[in-house]
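Each reported figure results from applying straightforward, stated rules to the coordinates on display, with no laboratory input. If you're wondering where the values come from, they're calculated on a predicted model, not measured in any experiment. Neighbour counts run over all protein chains shown; Cβ positions are idealised from the backbone, glycine included.
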Amino acid sequence: MLHGIRSLPWDDPHNTEPRFARVRVRERVLPVLESELGPGIAEALARTAEQRGRMPRPSRR
């Protein structure tokens with residue numbers, strides 16, 4: 001729920017299109033990571049991304 005607004009499930013027709021990187025990652029990369037590193041890797045990566053999003057970004061020189 002986002003700011004008190006309930007969202008309804010939506011079936012995105014692009015979720016199965018391999019031309020999109022997110023689909024290729026979900027269908028090809030994550031299964032390999034799970035087989036090599038164990039179940040739960042997707043959740044661990046999501047947590048890391050969320051934590052990284054809260055960290056200040058280093059300045060570029």
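Structure above, values below:
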item: Condition met for VAL23 (free of Cβ contacts under 8 Å to residues at least 24 places away in the same chain, surrounded by 11 or more Cβ atoms within 10 Å (Cβ to Cβ) and touching a Ser or Thr at 6+ places or on another chain (Cβ under 8 Å)); result: yes
item: Yes/no for ALA46 being in contact (Cβ under 8 Å) with a residue 12 or more places away in the chain and in a helix (DSSP H, G or I); result: no
item: In the stretch 26-43, residue farthest from the chain's Cα centre (by Cα) [restricted to those that are loosely packed, with under 10 Cβ neighbours inside 10 Å and assigned to a helix (DSSP H, G or I)]; result: GLU36
